[in-house]
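The values are calculated or read from the model by the stated rules, or taken from the named source; none is laboratory data. Bear in mind that the values here come from a model prediction, so they are computed numbers and not experimental data. Note: ideal-geometry Cβ built from the backbone for every residue, glycine included; neighbour counts use all protein chains shown. With ligands, DNA and RNA removed, areas are computed over all heavy atoms of the protein, side chains included. Shrake-Rupley method; radii C 1.70, N 1.55, O 1.52, S 1.80 Å.
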Amino acid sequence: MSLIAEPFVADATFQMLASSTIKRYLRVAREIAERAGLVTAVRAEPETASQALGRARLLWNVVSSSDTRVPEEFELALLLVGLIDGQYEPAEALLLQLASSPDAPATWSVALARRLRQLGPLLKDEREQLDKELTAVLAGTTAGPCRDDPRLQVKA
């Protein structure tokens, strides 16, 4: 059972197979996931997001155990993009699993996951780390320089 209408998956399959770079592969996946309404559905409907994640896990099992490229690869790509662009945080674990996979037949799926990690929304742990760093920087700069600060004294 697919959460994405068959014409969108067929279009993705054709265009993604014709992709010669991961950049184009991702761009096509993003365009089609958006047109199919997947990103909006993931943001608005937690049940749809949960179903999409379950389906993506199932598809990853098929893709990673195959000896060649299989049609499930393209639906998986659309689901991954929809989940990540829809900022569904539970999908981050699957994304990390794919990104760290050494599976040669699943090269395009692995490369897509790595690219999404590189370009996609920041993961929760990364956001928390950046928040801490920013807070520390702001705490040091918002106090403002003091008139008695020796670094501001001009020697005559």
(request) Go over the candidates Ala104, Ala52 one by one and state the one that is out of contact with any Pro (no Cβ under 9 Å at 6 or more places or on another chain), in a helix (DSSP H, G or I) and of a type in the set (Gly, Ala, Ser). (result) Ala52
(request) Give the residues of the range 23-35 that are open to solvent by less than 40 Å² (accessible area, probe 1.4 Å) and either closer than 19 Å to Leu94 by Cβ or of a type outside the set (A, V, I, L, M, F, W, C) (or both), sorted by residue number. (result) Tyr25, Leu26, Ala29, Ala33
(message) Tell me the residue from Leu58, Leu76 that is surrounded by fewer than 16 Cβ atoms within 10 Å (Cβ to Cβ), of a type outside the set (D, E, K, R) and either free of Cβ contacts under 8 Å to residues at least 40 places away in the same chain or not in a helix (DSSP H, G or I) (or both), please.
(response) Leu58
(message) Which condition from (1) farther than 17 Å from Ser109 by Cβ; (2) under 14 Å from the mean Cα position of the chain (by Cα) is the one that Ala41 breaks?
(response) (2)
(message) Where the second residue is open to solvent by less than 10 Å² (accessible area, probe 1.4 Å) and part of a loop (DSSP other than H, G, I, E, B) and the first is within 19 Å of Ala52 (Cα to Cα) and lies in the range 88-110, which pairs have Cβ atoms under 9 Å and are six or more apart or on separate chains?
(response) Leu98/Ala106
(request) Can you tell me which residue among Val110, Val42 is crowded, with 23+ Cβ neighbours inside 10 Å, in a helix (DSSP H, G or I) and modelled with pLDDT of 90 or more? (result) Val42
(request) Report whether or not Gly82 is buried (at least 17 other Cβ atoms within 10 Å of the Cβ), closer than 22 Å to Phe14 by Cα and at pLDDT 75 or above. (result) yes
